[in-house]
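Some notes on the structure that comes next.
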């Protein structure tokens with residue numbers, strides 16, 4: 001088992017999701033931000049800011065190309081994991 005540390009993060013983490021191939025880790029924060037990290041390098045590859053309050057749920061689609069996130073105030077956001085493009089919000 002390998003344990004990774006992602007340095008520099010100061011916000012409270014509220015949710016986590018690993019891509020199906022275990023190459024990415026999506027991290028949701030109390031401030032509503034989502035950051036996707038490359039697990040091998042530990043680098044943040046993209047940041048999403050689609051929520052106004054804390055992220056309460058994260059899940060990758062079957063191909064790990066899209067990330068679905070839920071916020072504390074009942075909003076849902078679907079984003080492209082590579083570009084950060086928001087595809088849907090409700």
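Taken over region 64-85, the criterion of being exposed (fewer than 14 other Cβ atoms within 10 Å of the Cβ) and either touching a strand residue (DSSP E or B) at 6+ places or on another chain (Cβ under 8 Å) or modelled with pLDDT of 85 or more (or both) is satisfied by 65, 82, 83, 85.
Any chance region 32-53 includes a residue that's at positive phi, surrounded by 14 or more Cβ atoms within 10 Å (Cβ to Cβ) and modelled with pLDDT of 85 or more?
Scanning region 32-53 turns up at least one residue that is at positive phi, surrounded by 14 or more Cβ atoms within 10 Å (Cβ to Cβ) and modelled with pLDDT of 85 or more.
Residue count for region 16-63, restricted to those that are without any contact (Cβ under 8 Å) to a residue 24 or more places away in the chain and part of a loop (DSSP other than H, G, I, E, B): 10.
Could you tell me whether region 4-16 includes any residue that is under 21 Å from residue 63 (Cα atoms), modelled with pLDDT of 90 or more and either surrounded by 13 or more Cβ atoms within 10 Å (Cβ to Cβ) or touching a strand residue (DSSP E or B) at 6+ places or on another chain (Cβ under 8 Å) (or both)? Yes, because at least one residue in region 4-16 is under 21 Å from residue 63 (Cα atoms), modelled with pLDDT of 90 or more and either surrounded by 13 or more Cβ atoms within 10 Å (Cβ to Cβ) or touching a strand residue (DSSP E or B) at 6+ places or on another chain (Cβ under 8 Å) (or both).
The values are calculated or read from the model by the stated rules, or taken from the named source; none is laboratory data. Worth saying up front: this structure is predicted, and the values here are computed from it rather than measured. Quick reminder, even Gly has a Cβ in these numbers, built from the backbone with ideal geometry, and neighbours come from all protein chains shown.
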